[in-house]
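**Student:** Attaching a single structure in C-alpha cells format; questions to follow.
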Amino acid sequence: MKEIKILIEKNSPRLEFVLNFLEERLGITIHCLQSIDGQIDDDRCIDYRFNPLENCLSIYNSGFFNEVNELNLARPRVRKGDIIELFPSDETTYDIHFDLFASTFFCLSRYEEYQAFTPDQHGRFPSEASHARRNDYLNRPVVDEWVMLLRDKIEKKWNIDLLQPKPFQISPTIDVDVAWAYLQRKPLHAIGSQFKKTIKGQQAVLQEQRQAYKSGKDPFDTFSMLKEKLQGFNSHYFFLCYHSPPFDTAYFLDNIEFEKLIRDQESFATVGVHPSYASTGDVVKIKREKQWLEQRIGRSISTSRQHYLKLSIPQTYNDLITLDIQHDFSMGYADQCGFRAGTSLPFYFYDLLAEEKTDLLIHPFSVMDVTLKEYQKYTITQAIQIIREIKQTLKKVNGHFSFIWHNSSFATLGGWDEWERVFDALIE
C-alpha cells in the first residue's frame, strides 16, 4: 500500500474523516504532518496549507476546517467545468485549485441538513433545498469524480499506480410496504373493501380484486418474478412491520403467510427492517419493529431503510446506532433522482454535533420507482432514458448503481402496467 504525506495547518476530526474516506477509496496510507523543519526528503507529499511548497502536490485550503464550531457558514461558492468545484480558489497556481477536502466533507456529512430548511409535507429535507439541486449538480456523483481527480493527480505527479477501484456494480433494493393488494387479508376487510369500491364506482379495481380472489393470484405478489430477475445480484429486501393507516400498511403482521414470505426472501437476499412512518423520532417503536422481524427470521437485523425515506439527520441515524443497526439505505431523495450525498459509494456517518465518525455505514441510492413515476411524472420511455444516463455516468467513476423498487410496482393497479420494462432497464 502506497504511503502519502500531507502537510496541514492543523488537524481536526472532520479532516481525519475525509482522509480516512480517501484512504479507503485510493488504497493508500496517509500520514499528516503539521510542521516541517528543512526540506522534505520524500517527494510523495501533498501540501494542504495556505502557502504550499513548490515540489509538493498542492491543494487549495479554504479554511473550512478551521471553523469547527460553526454550523451556519454560507453555502459554498460553485465553479462549473468538467469538474464541479466547491470552495474554489481564484489562484491558478495550485495543482487542485478548489478545496477538495472541504467539498468532500460538505457533501458526505450532509452539512447543509443541520442548517435551517423548510421541510416537505412529510418532514423531510427536500431536494429543492439542497445546494446540489440549486446549483444543478444533483445528477453528478461529484465526490466520486473528486476521488478520480485526486487519483489521477497522484499517479501522474509521482508516476505510481494506485490500487484500482472496484468496477461498476448494480445493487438492487426492494421495499415491501404492502405484500398483497387483496389476498391474505381478514374476511371483514375484504368485504368492506369491495363495498367501498362499489360505492365509489371503481369497477375496474373491483373486477381486479374479484379476479384475484377467484384465481388466488395477487397483483402485488411479484416475489417469484423478482427472485428470478435478481439472480446473481446482492439484493436487499426491507419489510414494513407496523400497521397504522394511512402511511403504514403492514396489514399482515399476524398472518403466517407473511412470516413465510419474509423467510423465503431471507433464503437468498439480505432482509432488513423498514422503520415505519410513525416511528420517526421514536426509538422505542423502531426497536419493537426490529425485534418483531428478528423473531421471524431467527437472527439479528443490521440493515435498515426508513419508510417514506423519513430521514432526520442526525436523530434518525443516532436512533439506528442505538439499536445496533450497522447499515442504512435511506440516503437519497423521494422527489428527485440523483446523489444526495454526492456519492454512489458507501460511507460512514459523521455526527456533526458530536464531531465524530460513527460505525454506521450509509449506502446511497440514486433512483426510486416512485420518484420516476409519481414525482417526476416520467413516461416509461423517459424513465428508461434517465436510468441509462445515470448508469453511464456511474460507469465512468466505477460507482455503485443502487435503486429502490417496490414489489407492488409491476401491477396494473395504480397505473404501473408495463413498468416491468423500467425494472429490466435498472438491472440490464
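The values are calculated or read from the model by the stated rules, or taken from the named source; none is laboratory data. Every value quoted in this text rests on a predicted model; they were computed, and no experiment measured them. For neighbour counting, all protein chains shown are included, and Cβ atoms are generated from backbone atoms with ideal geometry for every residue, glycine included.
**Student:** Within region 135-171, how many residues are surrounded by 14 or more Cβ atoms within 10 Å (Cβ to Cβ) and of a type in the set (D, E, K, R)?
**Tutor:** Residues flagged as surrounded by 14 or more Cβ atoms within 10 Å (Cβ to Cβ) and of a type in the set (D, E, K, R) within region 135-171 amount to 7.
**Student:** Restricting to region 274-327, what's the tally of residues that are of a type in the set (A, V, I, L, M) and within 17 Å of Arg263 (Cβ to Cβ)?
**Tutor:** Restricting attention to region 274-327, the residues satisfying the condition of being of a type in the set (A, V, I, L, M) are 278, 283-284, 286, 293, 297, 301, 309, 311, 313, 320-321, 323, 325.
Subsequent filtering for residues that are within 17 Å of Arg263 (Cβ to Cβ) retains 293, 297, 301.
The number of residues fulfilling the criteria is 3.
**Student:** For region 361-383, how many residues are charged (D, E, K, R) and surrounded by fewer than 18 Cβ atoms within 10 Å (Cβ to Cβ)?
**Tutor:** 2
**Student:** Right, next: In contact with a Cys (Cβ under 7 Å, 6 or more places away or on another chain) and assigned to a helix (DSSP H, G or I): is that true of Leu293 in this structure? Can you show your working first?
**Tutor:** Values: in contact with a Cys (Cβ under 7 Å, 6 or more places away or on another chain): yes; assigned to a helix (DSSP H, G or I): yes.
Spelling it out, Leu293 is indeed in contact with a Cys (Cβ under 7 Å, 6 or more places away or on another chain) and assigned to a helix (DSSP H, G or I).
**Student:** Only one of Asp369, Asp351, Asp424 is more than 25 Å from Met225 (Cα to Cα) and touching a residue at least 24 places away in the same chain (Cβ under 8 Å). Can you tell me which? Outline the logic, then answer.
**Tutor:** Numbers: Asp369 fails: more than 25 Å from Met225 (Cα to Cα); Asp424 fails: more than 25 Å from Met225 (Cα to Cα).
None of the other options fit; the residue is Asp351.
**Student:** Something else: For region 65-181, which fully contained helices (runs of 4 or more DSSP H) count at least 1 residues that are in contact with a Lys or Arg (Cβ under 6 Å, 6 or more places away or on another chain), among the aromatic types (Phe, Trp, Tyr) and modelled with pLDDT under 95?
**Tutor:** Numbers: elements: 100-108, 131-134, 142-158.
By residue number, 142-158.
**Student:** What residue, among those in region 215-236 that are in a loop (DSSP other than H, G, I, E, B) and charged (D, E, K, R), is nearest to Pro364 (Cα to Cα)?
**Tutor:** Here is the first cut: in region 215-236, the ones in a loop (DSSP other than H, G, I, E, B) are 216-222, 230-235.
Then drop every residue that is not charged (D, E, K, R), which leaves 217-218, 221.
On the way: Lys217: 34, Asp218: 31, Asp221: 27 Å.
Within region 215-236, the match that is nearest to Pro364 (Cα to Cα) is Asp221.
**Student:** Does at least one position in region 338-352 carry a residue that is modelled with pLDDT under 95 and either surrounded by fewer than 19 Cβ atoms within 10 Å (Cβ to Cβ) or of a type in the set (A, V, I, L, M) (or both)?
**Tutor:** Filtering region 338-352 down to residues modelled with pLDDT under 95 leaves 352.
Still in the list and also either surrounded by fewer than 19 Cβ atoms within 10 Å (Cβ to Cβ) or of a type in the set (A, V, I, L, M) (or both): 352.
Yes: region 338-352 contains one or more residues that are modelled with pLDDT under 95 and either surrounded by fewer than 19 Cβ atoms within 10 Å (Cβ to Cβ) or of a type in the set (A, V, I, L, M) (or both).
**Student:** Given the condition under 30 Å from Gln169 (Cβ atoms) and among the polar types (S, T, N, Q), answer yes or no: does some residue in region 243-262 qualify? I'd like the intermediate steps shown before the answer.
**Tutor:** Quick first cut of region 243-262, residues under 30 Å from Gln169 (Cβ atoms) only: 261-262.
Now drop any that are not among the polar types (S, T, N, Q), which leaves none.
So far as region 243-262 goes, no, none of its residues is under 30 Å from Gln169 (Cβ atoms) and among the polar types (S, T, N, Q).
**Student:** Could you count how many residues in region 337-363 are part of a loop (DSSP other than H, G, I, E, B), over 12 Å from Val143 (Cβ atoms) and of a type in the set (A, V, I, L, M, F, W, C)?
**Tutor:** Of the residues in region 337-363, 4 are part of a loop (DSSP other than H, G, I, E, B), over 12 Å from Val143 (Cβ atoms) and of a type in the set (A, V, I, L, M, F, W, C).
**Student:** Got a number for residues in region 246-282 being among the small types (Gly, Ala, Ser) and in a helix (DSSP H, G or I)?
**Tutor:** Just the residues of region 246-282 that are among the small types (Gly, Ala, Ser), to begin with: 250, 267, 269, 272, 276, 278-279, 281.
Subset that is in a helix (DSSP H, G or I): 278-279.
Counting residues in region 246-282 that are among the small types (Gly, Ala, Ser) and in a helix (DSSP H, G or I) gives 2.
**Student:** Every residue in region 397-419 that is farther than 11 Å from Pro219 by Cα and in contact (Cβ under 8 Å) with a residue 40 or more places away in the chain, please.
**Tutor:** Val397, Asn398, Gly399, His400, Phe401, Ser402, Phe403, Ile404, Trp405, His406, Gly415, Trp419
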